[in-house]
């Protein structure tokens, strides 16, 4: 995987951690497609483009006092990657702590994400981009 794709991955998760939507948009193609896992019922199944990414950003952040996405592992392909992500959050109204592991898959073109998908497992993320461990 080209180094620019690895940098895009790291920058995208740093943007979530720092609450910097502008930085996230910079590493995503204007026509990026984001597919959700269904784990969070208030989210749409997919979001398209920077406008859709802004909608996802707001919808994802709304129910939480805070949340963190920490990259635990990256398996790289030529133009794709599967990522193990630790999701930790506290519910805004409930105060309930959530701590779970997810799999994310990304496809790249010219150093920018063109597809991002979230999955309930790392194995699903690997399969989404045709990678194996």
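Throughout, read-outs are computed from the coordinates displayed, never taken from laboratory work. None of these values were measured; they are calculated from a predicted model.
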Nearest 10, in degrees from 0 to 90: the angle of helix 3-18 to the longest Cα principal axis of the chain is 10 degrees
Nearest 10 degrees is fine. How inclined is helix 49-61 to the longest principal axis of the chain, computing both from alpha carbons? 40 degrees
Cα centroid separation, segment 1-17 to segment 44-110 (Å): 13 Å
Counting only helical runs of four or more DSSP H residues, what would the 222 nm mean residue ellipticity of the chain come to if each run contributes -39,500 (n - 2.57) and the total is spread over all its residues? -9500 deg cm²/dmol
Report the antiparallel proportion of the DSSP beta bridges in segment 3-128 as a percent, rounded to a multiple of 5. 90 percent
For the chain, with a Gaussian network of springs between Cα atoms less than 10 Å apart, report the residue from 98, 120, 36 with the top mean-square fluctuation. 98
For the chain, with a Gaussian network of springs between Cα atoms less than 10 Å apart, report the residue from 75, 114, 96 with the top mean-square fluctuation. 96
Before anything else, pin down the relative contact order of the chain: Cα pairs under 8 Å, at least 6 apart, normalised by residue count, whole percent. 24 percent
Report the residue, chosen from 77, 38, 111, that carries the largest GNM mean-square fluctuation when the chain is represented by alpha-carbon nodes joined by springs under 10 Å. 38
